[in-house]
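**Student:** If you scroll down you'll find the structure; I have some questions about it.
Read the figures in this text as sums done on the coordinates, not as results from a lab. Source: prediction; values computed, not measured. Positions of Cβ are generated from backbone atoms using ideal geometry, with glycine treated the same way; all protein chains shown enter the neighbour counts.
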Amino acid sequence: MKIKRYLDKDMRHVLRRVREDQGPDAVILSNRRVDDGIEVIAAIDYDEALVRQAMGSPPDDCEDISSDALAEIAEDDAATTAAAPVQIVSAELTKQPVADDSIRQMQDELASMRGMLETQLSGLVWKDTCRRFPRHAQILRNLSQIGLAPDIANIVVNRLEPTNDLKSLWSAPLTTLAQTLPVVDDELLQQGGTIALIGPTGVGKTTTIAKIASRFAIDNWADDIALISADSYRIGAKEHLSAFANIIGAKVYSATSFDELSDVLVRLRNKKLVLIDTEGRSQRDRDLSSRLAAYGRNADRVKFYLTLSAATQEAALDETIREFNKVPLQGCIVTKIDEAAQLGCVMSALIRNELPVAWFSDGQRIPDDLHPAARKKLWLVNQAVECMEASRPRIDERRMAEDYSRQKFAHVQ
């Protein structure tokens, strides 16, 4: 049995290709609408009797598409002979008067067959890509090793200039990835302002505030800095922040409610730098929307930065960005870079959600382990390579086939 996948803009064009390629004995196993048009899986030398027996259908009820659709195709092709019929397995099966349990069994068997065929076809497509575009395939493998998602990896590859230089298998994609990463050139340390760090629990908001305050104190008076503890949930939150503040001589204020926070902000309006440490909230917290809305009342005087841990799974990062984006975000701060096994996950989430990053944090040293993102993009991608070399993730060719078999391949040779 020879199985092949066809993709075209509509059913007429797909059927024409099936007929021209496999002839009148071709059997269509499945068809569905996809982003690029209609996808059909067809086969030749198909054991029709076995399929009918498995589906509980009689052997003589096969229905052919030989009338309107193929006749119209024949007219479009200016064919001088009658259009050859193409058997549609799924069409005849849906017309059988069978019991509900038989229908369910048939659907399960078709789904199983479809899954098997798609897996086999994706493997064939990926092998064909590796053969025709070996440099392209190797770049995708490299980007997969640093944890970059397939959709983002494809964006990077499509932006590469065509070349046969093997030395550029790493350098060119990493440079392009750095250029694709959204950043904001934050002037916080020069101009000051009022900022609030928001995000899930345990991502390092308090430590990051200490780093920013310490860095700002190098060129300014400690009296110009004020820290606000708005975390009334975590035990010892204010004491933790006060320990950092005492090192630089800054004062810490408490705000246990949103009204109190607004009052404190009014009292501190003459400070050059005001940093607000908020409580950690899960992106799935039922009260998150209402609390973000309350924070949003101060959006005219407060800049909000989402704090993300680089050690978080990509799906959780996407979900977090989506939920916390309900307040106007100035950007984000990526922490715990030193703890991540793969940095491609956080880079993928930032690019996909178009969230600019202002600062990178890669350790506990205050204030040393804080870096401006606008000047450290290449540093981040180099860190991603170092993480890969340390963890040495295994390339799963089956997963590569599933991820990239339906991607539109660029002109990179």
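**Student:** Looking at region 344-382, which of its residues are among the polar types (S, T, N, Q) and more than 20 Å from Lys205 (Cα to Cα)? So that I can check it myself, show each step before the final result.
**Tutor:** Here is the first cut: in region 344-382, the residues among the polar types (S, T, N, Q) are 348, 353, 361, 364, 382.
Hits for region 344-382 are Ser348, Asn353, Asn382.
**Student:** Taking the condition of being of a type in the set (D, E, K, R), more than 15 Å from Thr335 (Cβ to Cβ) and outside any helix (DSSP H, G or I), how many residues in region 346-371 meet it?
**Tutor:** Looking only at region 346-371, we keep the residues that are of a type in the set (D, E, K, R), and these are 352, 354, 362, 365, 368-369.
After this cut, where a residue has to be more than 15 Å from Thr335 (Cβ to Cβ) as well, the list is 352, 354.
Still in the list and also outside any helix (DSSP H, G or I): 354.
Looking only at that region, the number is 1.
**Student:** On the basis of being over 19 Å from the mean Cα position of the chain (by Cα) and crowded, with 21+ Cβ neighbours inside 10 Å, does Phe324 make the cut? Working first, answer last.
**Tutor:** Working: over 19 Å from the mean Cα position of the chain (by Cα): no; crowded, with 21+ Cβ neighbours inside 10 Å: yes.
Answer is no for this residue.
**Student:** Of all residues in region 340-366, how many are more than 20 Å from Ala153 (Cβ to Cβ), touching a residue at least 24 places away in the same chain (Cβ under 8 Å) and surrounded by fewer than 17 Cβ atoms within 10 Å (Cβ to Cβ)?
**Tutor:** Restricting attention to region 340-366, the residues satisfying the condition of being more than 20 Å from Ala153 (Cβ to Cβ) are 356, 358-366.
If we keep only those that are touching a residue at least 24 places away in the same chain (Cβ under 8 Å) too, we end up with 356, 358-364, 366.
Subset that is surrounded by fewer than 17 Cβ atoms within 10 Å (Cβ to Cβ): 363-364.
Residues that pass the stated criteria total 2.
**Student:** Quick one: would you say Arg291 is free of Cβ contacts under 8 Å to residues at least 24 places away in the same chain, closer than 30 Å to Glu354 by Cβ, out of contact with any helix residue (DSSP H, G or I) (no Cβ under 8 Å at 6 or more places or on another chain) and exposed (fewer than 15 other Cβ atoms within 10 Å of the Cβ)? Show your work before the answer.
**Tutor:** Details: free of Cβ contacts under 8 Å to residues at least 24 places away in the same chain: yes; closer than 30 Å to Glu354 by Cβ: yes; out of contact with any helix residue (DSSP H, G or I) (no Cβ under 8 Å at 6 or more places or on another chain): yes; exposed (fewer than 15 other Cβ atoms within 10 Å of the Cβ): no.
Judged against the criteria, Arg291 is not a match.
**Student:** Taking Ala374 as the residue in question, decide whether it is under 26 Å from Glu187 (Cβ atoms), part of a helix (DSSP H, G or I) and touching a residue at least 60 places away in the same chain (Cβ under 8 Å). Steps first, please.
**Tutor:** On the way: under 26 Å from Glu187 (Cβ atoms): yes; part of a helix (DSSP H, G or I): yes; touching a residue at least 60 places away in the same chain (Cβ under 8 Å): yes.
Criteria met by Ala374.
**Student:** Let me ask something additional. Please verify whether Ala316 is surrounded by 23 or more Cβ atoms within 10 Å (Cβ to Cβ), touching a residue at least 24 places away in the same chain (Cβ under 8 Å) and assigned to a helix (DSSP H, G or I), treating the condition exactly as stated.
**Tutor:** Values: surrounded by 23 or more Cβ atoms within 10 Å (Cβ to Cβ): no; touching a residue at least 24 places away in the same chain (Cβ under 8 Å): yes; assigned to a helix (DSSP H, G or I): yes.
The answer is no for Ala316.
**Student:** Then there is this: Any residue in region 322-339 that is in contact with a Leu (Cβ under 6 Å, 6 or more places away or on another chain), among the hydroxyl-bearing types (Ser, Thr, Tyr) and in contact (Cβ under 8 Å) with a residue 24 or more places away in the chain?
**Tutor:** No, there is no match, as no residue in region 322-339 is in contact with a Leu (Cβ under 6 Å, 6 or more places away or on another chain), among the hydroxyl-bearing types (Ser, Thr, Tyr) and in contact (Cβ under 8 Å) with a residue 24 or more places away in the chain.
**Student:** Taking region 286-303 only, how many residues are closer than 21 Å to His240 by Cβ and either within 26 Å of the chain's Cα centre (by Cα) or among the hydroxyl-bearing types (Ser, Thr, Tyr) (or both)?
**Tutor:** Initially, region 286-303 is screened for residues closer than 21 Å to His240 by Cβ, giving 291, 295.
Adding the requirement that they be either within 26 Å of the chain's Cα centre (by Cα) or among the hydroxyl-bearing types (Ser, Thr, Tyr) (or both) leaves 295.
Residues meeting the conditions: 1.
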